[in-house]
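The values are calculated or read from the model by the stated rules, or taken from the named source; none is laboratory data. All figures in this text were calculated on a predicted structure; none of them were measured in a lab. Cβ placement follows ideal geometry from the backbone for every residue including glycine, while neighbour counts extend to all protein chains displayed.
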Amino acid sequence: MPKKLVIVCLLNFLVAAIMGLVLRYAAIDNIIINYRFLIHAHSHIAMLGWVYLMLYTCIFHYFVPEQKNIYQRLFWLTEFAVIGMMVSFPFQGYAAISITFSTLHILCSYYFVYLIWTNHKTTSLVTSWLLKASLIFMFLSTLGVWCLGPAVAMQGKASAFYQIAIQFFLHFQFNGWFLIAVIAVFFHLLKIKYSTIFRRFFKLLLISTVFTLAMPIQWYAPHLALFVINSIGVLLQLVAIFYFFKLIRVQIKDFKKSSSRLIVYSYRFAIFCLVIKTIVQLVSIAPQFAEELYLYRNFVIGFIHLLMLGVISGFLFSFIFQQTFVKPSRLLSFGLSSFFLGFVSTELLLLIQGIGFYFGASLIPSYYELLFTFSIFLPIGIALVMYAIISPKQSLS
């Protein structure tokens, strides 16, 4: 895996984390940047600059043995689009310049899908099926983006059409493209073999991913059928996790013996967060919660961060730490621990306050100050991981 590309991805992640820290500070004191514009910048850089490009790097490293220059050039063109969004979103939100760079990123992603679909090489049906499924979900998710313009023109930004288009994009990005792609890489590294158990897992994973889209749609177009579909999807997802553990049970034991404690710790954390995410979604099958959860911002942000920072980033860090240019060190361990500390502490604070709001309790004393303080550990952790990889004393070139 090219070290230079990994560092670029981490740098994007660091910028996104700093933006997130500024957003947390905005609840304490005024900031000079438009809050909503900064949210757009933060979310786009985290999703498209960190997760997308890191998955891009992993996929072409592991599944394209003949690594042609086109992949390097496409990476830098995509990074150019990310930088464009990084610069334009904080100052103008969704406007001509930021939309242009966002469109460029989507077009780059389409070309990436074409290249990987035609050039990927693997003898494993397991990784081939998962990889193709993730790419299909990535392409499918962008249909939501193309619907935003017509939605605004026809019904406005406050319409259910507009909000559902956004949720369509986010759901299939997070739960389809991102999550299934990291599972594809993870199963590739574990050398999971095709079996009846995998076939059941794969089918349940795809069906549950599609069915659970009903939950965010229900927020804006309530209907009993959507509640039932989501409930079925959540239960199928729970069974899929059961098969997930059956698939990795044997291989993970051998993997632990041959891997450093840092890598094992990182994988354990990512898998733990995956289990928590699945359990949390069970709450949505209770009617009284399903109708109200999205009204409480703490729960929504907490769930997004659980998936993005806990599950997906946990796996991505693990993939990075397995590379030959990374040497396990105290600094690297300290950086990862700092990141996980910031993640866990902020998640707990969001959860506790969210539960408090749900039951009518008041704000926790110094809540926003605590949230900002704990959030500082996130960019510190990312910066330390970057330094440990870049520094000649800390890494292997």
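Hey, could you check region 95-135 for residues that are β-branched (V, I, T) and out of contact with any helix residue (DSSP H, G or I) (no Cβ under 8 Å at 6 or more places or on another chain) and say which is farthest from F172 (Cα to Cα)?
Result: T123.
Considering region 180-205 alone, what residues qualify as being among the β-branched types (V, I, T) and buried (at least 16 other Cβ atoms within 10 Å of the Cβ)? Quick ask: steps written out before the conclusion?
The first filter runs over region 180-205 and keeps only residues among the β-branched types (V, I, T), leaving 180, 182-183, 185, 192, 196-197.
I180, V182, I183, V185, I192, listed by residue number.
So F137 passes all but one of these: (1) in a helix (DSSP H, G or I); (2) without any contact (Cβ under 8 Å) to a residue 60 or more places away in the chain. Which condition number does it fail?
(2)
Taking L11 as the residue in question, decide whether it is farther than 18 Å from F89 by Cα, modelled with pLDDT of 95 or more, under 19 Å from the mean Cα position of the chain (by Cα) and of a type outside the set (K, R).
no
Here is a list: L77, L107. Which entry is under 19 Å from L140 (Cβ atoms) and either outside the structural domain of Q322 (by TED's automatic domain parsing) or not in a helix (DSSP H, G or I) (or both)?
None of the others qualify; the one that does is L107.
Residue-by-condition table, conditions (1) among the small types (G, A, S); (2) in a helix (DSSP H, G or I):
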{"site": "L332", "(1), (2)": "no, yes"}
{"site": "L336", "(1), (2)": "no, yes"}
{"site": "F343", "(1), (2)": "no, yes"}
{"site": "L350", "(1), (2)": "no, yes"}
{"site": "F357", "(1), (2)": "no, yes"}
{"site": "A361", "(1), (2)": "yes, no"}
{"site": "P365", "(1), (2)": "no, no"}
{"site": "L370", "(1), (2)": "no, yes"}
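Determine whether A270 is assigned to a helix (DSSP H, G or I), under 21 Å from the mean Cα position of the chain (by Cα), among the aliphatic types (A, V, I, L, M) and under 30 Å from S329 (Cβ atoms).
When the stated conditions are applied, A270 passes them.
Residue check: is F340 closer than 26 Å to I279 by Cβ, in contact (Cβ under 8 Å) with a residue 60 or more places away in the chain and surrounded by 20 or more Cβ atoms within 10 Å (Cβ to Cβ)?
It is true that F340 is closer than 26 Å to I279 by Cβ, in contact (Cβ under 8 Å) with a residue 60 or more places away in the chain and surrounded by 20 or more Cβ atoms within 10 Å (Cβ to Cβ).
Going by the conditions given, is L336 modelled with pLDDT under 95 and not β-branched (V, I, T)?
Considered against the rule, which asks whether it is modelled with pLDDT under 95 and not β-branched (V, I, T), L336 comes out as yes.
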